[in-house]
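Since the structure comes first, as structure tokens, the remarks are kept for the end.
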Amino acid sequence: MKKSLLARNNDLANTQRQLEILSNGIFADGELLTFANKIKETNQFPLRPKKLEILQINLGYMCNQVCAHCHVDAGPDRKEIMTTETMQQCLDVIKKTGAHTLDLTGGAPEMNPNFRWFVEEAAKAGIKDFIVRSNLTIIRANKKYYDLPKFFKKHNVHVVSSMPHWTRGKTDKQRGSGVFDKSIKALQMLNEVGYGMEGSNLKLDLVYNPSGAFLPGDQMALENDFKKALKDDFNISFNYLFAITNLPISRFLDYLIASENYEDYMFALVEAYNPAAVENVMCTNTLSVSWDGYLYDCDFNQMLNLKINSKVKHIADYNEELLQDRNIIINQYCYGCTAGAGSSCQGVVA
Amino acid sequence: MSKTYYDPADLRKFGKITEWNEELGNKFFDYYGKVFEEGALTAREKSLIALAVAHTEQCPYCIDAYTKDGLQRGITKEQMMEAIHVGAAIKSGATLVHGVQMMNKVNKLEM
């Protein structure tokens, strides 16, 4: 299994280095407009938050997979894990937040030793939509995880899972050898307890990320293809497919540079820029909490260590009113969220 | 001057052809966009046709563009290769079918 950029001492494990790359070259010489200048053209600068709707909490960067495109640089060698103390601080916020969606992510959030306790406690808050982002293979990684589908069902968790393609070859190339077969088995286990089945209120959505240096196609067309192929080949059902653009940071940035696709990819993102997508970009309605409790405008800013531009920096000092009064930190990778129909953790936005 | 006849970066400049004739350029791009919309054929089917024709026309820009377009639509490499074989079969068939003309001519000229 590959190692994370951090474990490999890769140049890009340094977030400052990533930001330098994204500010130099085609953006420094004016060939492409910086994201800030682009949104100035439509008077959308500075980007400001709207009503908070989604609280996204990262329970740790540890993962049983090392996906080639991972913006978290997650993997088995990452030891950053949320402590119970920080979890308790998050629970205090979950009980009082105005957000209607709680979104747990990682790494593989299930690998946090206190994951189940945290889900049980968080479920008591009665948040309308309680999402766990599961990579699927974790359900088959070890016997202790086999009952996760039943656990999710018990707490009415909305499962959102990654699945880059309905074919083995494409999936394994992006996510690792054997991932496709384990994911199929995990999806069947989720279906067995009612997830994604017609007439069931247990929601199972899939996330599609392109497996290479290209943008996602039409979300609805992809969803139809996924539904047909997974049903015909494996009798698997699911609710919706979210098509998410790979943002040029972390491992995906490393891949783009190594494969000499970086400039073409940035041109494609800028060419597909859609001002309408800026209106609903996820940082305007989401707050991201890192494993150590710090607050960010989005998951991507978290991975680049760009803490929120507010007096309130940590979940322990949470104040929703103060947090709403801020300018969102933007950079060239934000073009990934505004290309075409837009992209967010909930799929298209425009 | 560029060192080669084809520069992959030139594909990004395709839209600039309107700068030297705005009316005709815009008409072309309007037509082009309309052709590729969902219709009696799906956009996916049209993408595969475009890929096959890109090969028979041997247009490197079109091959780059419709390979990427196919990937974006979730089209597999096996499907893309089959589409190219359709183009190749028609191209070679179109060559061979002219053999009948040759045969006709030979039959007419020979005693």
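Does B:GLU45 fit the bill of being within 12 Å of chain A (Cβ to nearest Cβ), closer than 19 Å to A:LYS228 by Cβ, surrounded by fewer than 16 Cβ atoms within 10 Å (Cβ to Cβ) and modelled with pLDDT under 95? No, not satisfied.
Conditions tested, residue by residue: (1) within 25 Å of A:ILE308 (Cβ to Cβ); (2) not small (Gly, Ala, Ser).
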| site | (1), (2) |
| --- | --- |
| A:LYS3 | no, yes |
| A:ARG17 | yes, yes |
| A:GLY30 | no, no |
| A:ILE54 | yes, yes |
| A:GLY75 | no, no |
| A:GLU80 | yes, yes |
| A:GLN88 | yes, yes |
| A:ASP92 | yes, yes |
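Which pairs turn up if I take residues in the range B:66-78 that are facing chain A (nearest Cβ under 7 Å) and look for partners that are of a type outside the set (Lys, Arg) and in a helix (DSSP H, G or I) with beta carbon separation below 6 Å, at least 6 apart in sequence or on another chain? The qualifying pairs are B:ARG73/B:SER47; B:GLY74/A:LEU222; B:GLY74/A:ASP225. Restricted to the range B:8-21, and to residues there that are more than 13 Å from A:ASP264 (Cβ to Cβ) and in a helix (DSSP H, G or I), the residue that is nearest to the other protein chains (Cβ to nearest Cβ) is B:GLY15. Between A:ASN224, A:ASN239, the distinction of being under 20 Å from A:GLN188 (Cα atoms), over 16 Å from the mean Cα position of the chain (by Cα) and in a loop (DSSP other than H, G, I, E, B) belongs to A:ASN239 only.
Within the range A:25-37, no residue that is farther than 20 Å from A:ASN274 by Cα and at pLDDT below 95 sits with its Cβ atom under 6 Å from a residue that is among the hydrophobic types (A, V, I, L, M, F, W, C) and surrounded by 16 or more Cβ atoms within 10 Å (Cβ to Cβ) at 6+ positions apart or across chains.
For every residue, the table says whether it meets (1) more than 24 Å from A:GLU263 (Cα to Cα); (2) among the hydroxyl-bearing types (Ser, Thr, Tyr).
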residue: A:TYR296; (1), (2): yes, yes
residue: A:ASN301; (1), (2): no, no
residue: A:ILE328; (1), (2): yes, no
residue: A:GLY340; (1), (2): no, no
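Scanning the range A:157-177 for residues that are farther than 20 Å from A:PHE242 by Cα and not in a helix (DSSP H, G or I) gives A:GLY176, A:SER177.
Of all residues in the range A:1-54, those satisfying the criterion of being among the small types (Gly, Ala, Ser) and not in a helix (DSSP H, G or I) are A:SER4, A:ALA7, A:ALA28, A:GLY30.
Residue count for the range B:48-86, restricted to those that are of a type in the set (Gly, Ala, Ser) and more than 14 Å from the chain's Cα centre (by Cα): 1. Annotation note: of B:LEU51, B:LEU24, B:LEU41, the sole residue that is under 20 Å from A:GLY217 (Cβ atoms) and either assigned to a helix (DSSP H, G or I) or not hydrophobic (A, V, I, L, M, F, W, C) (or both) is B:LEU51. The condition (being over 16 Å from the mean Cα position of the chain (by Cα), without any contact (Cβ under 8 Å) to a residue 40 or more places away in the chain and surrounded by fewer than 18 Cβ atoms within 10 Å (Cβ to Cβ)) is satisfied by just one residue among A:ASN274, A:ASN261, A:ASN309, A:ASN327: A:ASN309.
Does at least one position in the range B:93-104 carry a residue that is away from chain A (no Cβ under 14 Å), closer than 30 Å to A:ASN224 by Cα and either of a type in the set (A, V, I, L, M) or surrounded by 12 or more Cβ atoms within 10 Å (Cβ to Cβ) (or both)?
no
Restricting attention to the range B:64-85 and to residues that are among the polar types (S, T, N, Q) and not in a loop (DSSP other than H, G, I, E, B), the residue that is farthest from A:THR167 (Cα to Cα) turns out to be B:THR67. Scanning the range B:87-111 for residues that are under 30 Å from B:LEU48 (Cβ atoms) and acidic (Asp, Glu) returns no hits.
Restricted to the range A:216-244, and to residues that are among the hydrophobic types (A, V, I, L, M, F, W, C) and within 11 Å of chain B (Cβ to nearest Cβ), which residue is farthest from A:ASN261 (Cα to Cα)? Applying the filter and picking the extreme gives A:ALA229. Would you please list the contacts, defined by Cβ atoms under 7 Å and residues six or more apart or on different chains, that run from a residue in the range A:86-101 that is closer than 22 Å to A:MET282 by Cα to a residue that is buried (at least 20 other Cβ atoms within 10 Å of the Cβ) and among the aromatic types (Phe, Trp, Tyr)? As it stands, the answer is A:VAL93/A:TYR318, since those pairs meet every condition given.
Residue count for the range A:178-215, restricted to those that are in a helix (DSSP H, G or I), within 14 Å of chain B (Cβ to nearest Cβ) and either in contact (Cβ under 8 Å) with a residue 40 or more places away in the chain or under 18 Å from the mean Cα position of the chain (by Cα) (or both): 0. Restricted to helices (runs of 4 or more DSSP H) entirely inside the range A:77-141, those with at least 1 residues that are aromatic (Phe, Trp, Tyr) and either surrounded by fewer than 22 Cβ atoms within 10 Å (Cβ to Cβ) or modelled with pLDDT under 95 (or both) are A:115-123.
The values are calculated or read from the model by the stated rules, or taken from the named source; none is laboratory data. Since the model is a prediction, treat every value here as computed from it, not as a measurement. Here Cβ is always computed from backbone atoms with ideal geometry, including for glycine, and neighbour counts include all displayed protein chains.
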